[in-house]
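To start, the structure under review is shown below, and the notes come after it.
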Amino acid sequence: MELLPKEYGYVILVVVAYCFLNIWMSIQVGKARKRYKVFYPTMYASEAENKDANLFNCVQRGHQNSLELMPMVLVLLILGGIRHPLIAASLGAAYTVTRYFYFKGYSTGHPKNRLTIGYYGFVAMAGLIVCAISCGVHMLIA
């Protein structure tokens, strides 16, 4: 533990917060499965078979897209936080908050709504990329 800065604890807390958000999104998909009658193992509803397919698919996609980006964002957060714990934790927190709004916007059934506030998550992700690059370069030249 002496190898990491004390402030790295913020990075860990943001990772846990994102995990809680992911659990919450999973629960929302489960509720949407019941509401729109889309049962396992069906991943997406067919519009030919379900009049609410678009609504369910938007909830499902909001969560699925978050899952697709989760490994990359968490790795960037963890690595970037080694050198820049406060900046990385702040960017990770911003990403987590914007991901909530991304999901809520997507869940309206109008995919464009995901980008109202959710767009800024991509800005936070870009900042995490810079933090991780900085960490890697610093390790190479130190």
How far is helix 85-106 tilted off the main Cα axis of the chain, in degrees rounded to 10, range 0 to 90? 10 degrees
To test your reading of the geometry: what angle, between 0 and 90 degrees and rounded to tens, separates the Cα axis of helix 53-83 from the longest principal axis of the chain? 10 degrees
The chain - mean residue ellipticity at 222 nm from DSSP helices (-39,500 (n - 2.57) per run, n ≥ 4, rounded to 500): -26000 deg cm²/dmol
Where is the GNM fluctuation largest for the chain (alpha-carbon springs, 10 angstrom cutoff): Thr96, Thr108, Thr42? Thr42
Choice from Cys131, Cys19, Cys58 with maximal GNM fluctuation in the chain (Cα, 10 Å cutoff): Cys19
Out of Thr116, Val73, His138 - ranked by how far each Cα lies towards the positive end of the dipole of the chain, with unit charges on the beta-carbon of charged residues - the top one is Thr116
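Please compute the contact order of the chain in relative form: average sequence separation of alpha-carbon pairs under 8 Å and at least six residues apart, divided by the residue count, as a percent.
Working: 178 pairs, mean separation 38.8, N = 142.
Relative contact order comes out at 27 percent.
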Using a Gaussian network model of the chain whose springs link C-alpha atoms within less than 10 Å, name the residue from Phe20, Phe103, Phe56 with the highest mean-square fluctuation. Phe20
Mind checking which lysines have their Cα closer than 16 Å to the Cα of Lys31? Skip sequence neighbours fewer than 8 apart in that chain. Lys104
Could you tell me the distance between the Cα centroids of region 90-142 and region 1-55, to the nearest Å? 16 Å
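Here, each number is a calculation from the coordinates, and none is a lab measurement. Fair warning: this is a prediction, and the values are worked out from it, not measured in the lab. For neighbour counting, all protein chains shown are included, and Cβ atoms are generated from backbone atoms with ideal geometry for every residue, glycine included.
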